[in-house]
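Just below is one structure, and these are the notes that go with it.
All of the numbers you see were taken from the coordinates with simple rules; none came from a lab. Note that the structure is a prediction, hence the values are computed from the model and not measured. Here the Cβ positions follow ideal geometry from the backbone for every residue, glycine too, while neighbour counts run over all protein chains shown.
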Amino acid sequence: MLSASFRLDPAFTIAPVSRRTFGSFVEHMGRCVYTGIYEPTHPTADSDGFRQDVLALTRELGVSTVRYPGGNFVSGYRWEDGIGPVADRPVRRDLAWHSLETNEVGIDEFMRWAGKAGVEVMYALNLGTRGVAEALDVQEYLNHPDRTRLAELRRSNGADKPYGISMFCLGNELDGPWQTGHKTAYEYGRLAAETARAMRAAEPDLELVACGSSSSSMPTFAAWEAEVLELTYDQVDYISAHAYYEPLDGDIGSFLASAVDMDHFINSVTATADSVGAKLKSKKRLKISFDEWNVWYLTRFQATRETEWQVAPPVIEDSYNVTDAVVVGSLLISLLRHSDRVTAACQAQLVNVIAPIRTEPGGAAWRQTIFHPFALTSRLAKGDVLRVEPAAPSYETARYGDVPLIDAVATHDPESGDVTVFVVNRSQDAPATLTVPLAGFGADLQVAETWTVHDDDPNATNTATDPDRVVPHDLAGATVTDGELRATLAPVSWSAIRLTRTA
Ligand code: AHR
């Protein structure tokens, strides 16, 4: 049995929990849109063709923000193709995923869906094949109230009021050679700066995201951020980060430590951004929009890449197991721990494409294993994020060296007094006892609810025929005794424990 402990104190505040940490991502890719959120012939479809089973699961997941419409897709996308009468909309090639895009769903449909789901939209602009003029056009269509040609066009398409989108991504992964319209850091930085400057001339308060590297393993990582930010620093509010994790060569120990890499990635981007700020003698501090993150079995995808020109083919429909869910829970711990700088994040993606929600065309929708830590963290992380320094044994990993077996973060809601601990046990064979002295809270706390994602079979998955094979369970035996939280954490587990004031 391992043992771990950490102190919690309401004075050790990192930052308020940002609701935008619980963002997601809908790309016109595979079956995320078509037969994912939208399927007019489905038995649960509403009058707009949206699957109500998927809408209900999206609400249950606790998604705050949704990035749209891509992704690699956006770098070749013409937003005008997706407005007006559906019968008049063109079918186009999507070069990013070698699919056909019918444009049945465009921005007006998506905004209707977002309203029903109760989510904010983070709109990604095409800065791959397009530039300043087209960015201004879509901004005018989305946000200008009336009288201009594009505002009136929106109104004639049924949206009388502007959509009021406040957060725009200035392109997607333009450092990547696979990206349509791939650019050097200088080319991209200049374009992003001029696009931002022009958009702000109409709406000074927009929140704009410059593209960071598509992963920290890119050869240009950090140099890209530095050059782009030198060109855009005064014009943007965020730099983006993207990271996907998978077990490589069967190395589960390193996979379970993926959050160590995410921590390092965030710290590196923060340091790079701050160094540019220092060089520019700016007091402004940029935030990070971690607008693509997840577990993705990328190696498997690269081996089986689909090249047929089909409409909404199944693409990267990864089926997630318990270990994947524990890693997702630990990545959320990392994001929360950096709430002082990471104030927006999007799990990629929402439905079918490396997603917490899966559907069958015409059939069921179900929660993948990774749904559960996301939904629980979104529901329970309230108030302020507290700094946590676990004292725990460590283990050796091939990719990240010595890694603590226990990782954790906590939140404290000053209004309700609730304290929630999110904790992961990375050991593959040993349970761990957790002890957390609570004296700093100055009030008696008791356990209000506990959840753990664990299974004797870490490879267990949820499927259409067995959708609840893996569900969170009560963390039996968690108590507050003598002013200390005590709990036992199973191997390969992620847990959440909410404490509340004793009445
Ligand atoms: O989410 C899948 C893809 O991953 C996105 O289209 C792209 O931005 C990233 O490389």
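For the reader, a short list of remarks on this structure follows.
- The slack between Ala11 and Thr299, meaning 0.36 nm per residue of separation minus the straight C-alpha distance, is 99.3 nm.
- DSSP-assigned coil residues among trypsin sites (Lys or Arg not before Pro) in region 116-174, each with at most 15 further Cβ atoms within 10 Å: Arg147
- When each full DSSP H helix of the chain is screened for a Cα extent of at least 20 Å along its own axis and an average Kyte-Doolittle hydropathy of at least 0.0, the helices passing are 258-279, 322-337.
- Loop chymotrypsin sites (Phe, Trp or Tyr not before Pro), region 153-188, which have at most 12 other Cβ atoms in a 10 Å radius of their Cβ (DSSP): Trp178
- For the chain, with +1 on Lys and Arg beta carbons and -1 on Asp and Glu, the positive-most of Ala117, Ile37, Pro404 along the dipole: Ala117
- Listed residues Pro472, Pro437, Gly417: farthest to the positive end of the dipole of region 349-497 (Cβ charges): Pro472
- Beta bridges by DSSP in the chain, antiparallel share as percent, to the nearest 5: 60 percent
- Between Gln446 and Ala271, full extension at 0.36 nm per residue minus the direct alpha carbon distance yields a gain of 59.0 nm.
- Distance cut-off 19 Å, percentage of C-alpha pairs in region 228-360 lying past it: 56 percent
- Residue-averaged 222 nm ellipticity for the chain, from DSSP H runs of 4+ at -39500 (n - 2.57), nearest 500: -8000 deg cm²/dmol
- Over the chain, relative contact order from alpha-carbon pairs under 8 Å, at least 6 apart, %: 20 percent
- Under 20 Å of direct C-alpha separation, and excluding same-chain neighbours fewer than eight residues apart, Lys283 reaches these aspartates and glutamates: Asp205, Glu207, Glu225, Glu227, Glu230, Asp234, Asp237, Asp274, Asp340.
- When Rg and the Kirkwood Rh are both derived from Cα coordinates, the Rg/Rh ratio for the chain amounts to 0.97.
- Residue order, fewest to most beta carbons within 10 Å, for Ile333, Ile37, Ile252: Ile252, Ile333, Ile37
- Unit charges on C-beta of K, R, D, E only; dipole of region 1-80, Debye: 300 debye
- Note on the chain: dipole from Cβ charges, positive end direction compared against Thr299, Gly250, Gln349; the farthest Cα belongs to Gln349.
- Each Lys and Arg Cβ is given +1 and each Asp and Glu Cβ -1; about its Cα centre, the chain then shows a dipole of about 1040 debye.
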